[in-house]
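Presented below is the structure to which this report refers.
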Amino acid sequence: MEILAVFLVGLCCVLQSNGIEVEASENNGCRNFQPHTVMLQEKQSYRTSFHFQPPRNWLNDPNGPMWYRGVYHLFYQYNPYGALFGDFMIWAHSVSYDLINWIHLNHALCPTEPYDINSCWSGSATILPGKGPVILYTGIDANQCQVQNMAMPKNLSDPFLEEWIKFAQNPIMTPPDGVEGNNFRDPTTAWLSHDGKWNVIIGSWNNNQGMAILYQSEDFFNWTKYQDPLYSTERTGMWECPDFYPVSVNSTYGVDTSVLNAGVKHVMKASFNSHDYYMIGTYVPEMEKYIPDNDFTGTGMDLRYDHGKFYASKTFFDSVKNRRILWGWVNESDSIEDDMDKGWSGLQSIPRRIWLDRSGKQLVQWPIEEINKLHGKKVTFLDKKIDSESIFEVQGITAAQVNS
């Protein structure tokens, strides 16, 4: 057959993908990454070269991605003790200047207090104007109940934000009446309304309805549940890792989470039934209601970010490049035995820029422009005939990663 093959070879050296082995040390009840020695690739089978991964062990949900003082931050769910999901989940923390090359830092949040002693589960980060970032996260308390907690950086002048302090009055939100303690989790990035109130939604399930429970605050410390959910439906399961953000109707540029005007629509995303589903619609703050253009139907017609392995996703607004970036957890679904043998499980998707399609009916995604850094030497073949079952050696390249 006649083919045109253009090979793009990734020659970029990626810190996290080169396999930095870590030495476990105890700190605040958590094992932390300590750079120790470079590890040969064959010591951890099948590791990817360009997707984000920790040096070892289990990874799942991306948490609190943000840009702060010239640095991109990615927190994520991590089991410091093994390659399987565990009963001691923490917020691991890595930073980057380009979303491609990552530096693994000591862990940000670990189970240490009665309100999170059984795990620090997913959540989000919000940048408060003039005050810096704040983390909202779900703690599994001493009674195995899901409660919402807050943490602040110890040193706002540190661009790496290496130390976090938990709020003394945690928990700041507890399951409301009628909501079971295991159905109340994953706070979103907060948005500021025109009335000066902060708003955040929590994923939940109650009365056979998946829902986004709305909480409001005037000071970001004291929160009150709004009388009705921002949105609820009987056509889904329990809502995990909700996300709520505006998208421009006239531009591919992203907008800040608090933007509300005639030039935006709002995306409501929820994770359930092993996939990430979303709706596009209108946020009406006077009624505190979200009105989707098309409601969830519980069928294959519902909009999804991805039809592969992609779950518990989280977006953030990158104010430097005026774009909204999407992260998602890729669960490879290997067997338990294979994960234990590999010594790791899970990775994050290649970050994607996301915007509203011209039709206004769906979202468009594209790998961030920085991914071009991974493209190296280009080798081109024109009108090369390759016979069936034959072998053709591509000369002039040495990397194992090739795009065609």
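The values are calculated or read from the model by the stated rules, or taken from the named source; none is laboratory data. Model, not experiment: these values are computed from the prediction. So basically every Cβ, Gly included, is an ideal-geometry build from the backbone, and we count neighbours across all protein chains shown. Only protein heavy atoms, including side chains, enter the accessible area calculation; ligands, DNA and RNA are left aside. Shrake-Rupley method; radii C 1.70, N 1.55, O 1.52, S 1.80 Å.
Rundown of residues vs (1) open to solvent by 40 Å² or more (accessible area, probe 1.4 Å); (2) on the phi > 0 side of the Ramachandran plot, yes/no style:
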position	(1), (2)
K289	yes, no
P292	no, no
G298	yes, yes
A312	no, yes
F317	yes, no
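Among the residues of segment 374-401, which ones are of a type in the set (D, E, K, R) and either under 29 Å from N250 (Cα atoms) or open to solvent by less than 100 Å² (accessible area, probe 1.4 Å) (or both)?
K384, D387
So which pairs qualify, if the first residue must be in segment 371-395 and on the phi > 0 side of the Ramachandran plot, the second must be open to solvent by 100 Å² or more (accessible area, probe 1.4 Å) and not in a loop (DSSP other than H, G, I, E, B), the Cβ gap must be under 9 Å, and the two must be at least 6 apart or on different chains?
From residues that are on the phi > 0 side of the Ramachandran plot, the pairs are D383/E2; D383/L4.
Here are some residues: D341, D334, D387. Which one is modelled with pLDDT under 95, part of a loop (DSSP other than H, G, I, E, B) and closer than 25 Å to S274 by Cβ?
D334
Looking at this structure, is D98 open to solvent by 10 Å² or more (accessible area, probe 1.4 Å) and over 22 Å from Q144 (Cα atoms)?
Yes; evaluated as a whole, the condition is true for this residue.
Consider only pairs whose beta carbons are under 9 Å apart and that are at least six residues apart or on different chains; among these, list those whose first residue lies in segment 55-73 and is of a type in the set (G, A, S) and whose second residue is not in a strand (DSSP E or B).
Pairs that qualify, where the first residue is of a type in the set (G, A, S) and the partner is not in a strand (DSSP E or B), are G64/A108; G64/T189; G70/Y97; G70/P159; G70/V320.
When only residues in segment 214-258 that are in contact (Cβ under 8 Å) with a residue 60 or more places away in the chain, part of a loop (DSSP other than H, G, I, E, B) and of a type in the set (S, T, N, Q) count, which is nearest to I354 (Cα to Cα)?
Selected residue: T252.
State yes or no: is Y137 assigned to a strand (DSSP E or B), surrounded by fewer than 24 Cβ atoms within 10 Å (Cβ to Cβ) and hydroxyl-bearing (S, T, Y)? Can you show your working first?
Numbers: assigned to a strand (DSSP E or B): yes; surrounded by fewer than 24 Cβ atoms within 10 Å (Cβ to Cβ): no; hydroxyl-bearing (S, T, Y): yes.
In short, no.
Output the number of the condition that N207 fails; it satisfies all remaining conditions of (1) over 19 Å from Y231 (Cα atoms); (2) free of Cβ contacts under 8 Å to residues at least 40 places away in the same chain.
Failed condition: (1).
Which one of these does E332 not meet: (1) touching a Lys or Arg at 6+ places or on another chain (Cβ under 8 Å); (2) among the acidic types (D, E); (3) open to solvent by less than 40 Å² (accessible area, probe 1.4 Å)?
(3)
State yes or no: is M279 within 30 Å of K321 (Cβ to Cβ) and buried (at least 20 other Cβ atoms within 10 Å of the Cβ)?
Criteria met by M279.
Checking P171 against (1) open to solvent by 60 Å² or more (accessible area, probe 1.4 Å); (2) in a loop (DSSP other than H, G, I, E, B); (3) not aromatic (F, W, Y): exactly one of these is not met. Which one?
(1)
Output the number of residues of segment 204-237 satisfying the condition of being under 23 Å from the mean Cα position of the chain (by Cα), on the phi < 0 side of the Ramachandran plot and among the aromatic types (F, W, Y).
3
Please verify whether segment 48-68 includes one or more residues that are at pLDDT 95 or above and among the β-branched types (V, I, T).
No, the conditions are met nowhere in segment 48-68.
Which of the residues spanning segment 59-113 are out of contact with any Pro (no Cβ under 7 Å at 6 or more places or on another chain) and among the β-branched types (V, I, T)?
Within segment 59-113, V95, I100, I103, T112 qualify.
Select from segment 352-384 the residues that are at pLDDT below 95 and more than 27 Å from S96 (Cα to Cα) and list them in ascending order.
Of everything in segment 352-384, those that are at pLDDT below 95 and more than 27 Å from S96 (Cα to Cα) turn out to be V379, T380, F381, L382, D383, K384.
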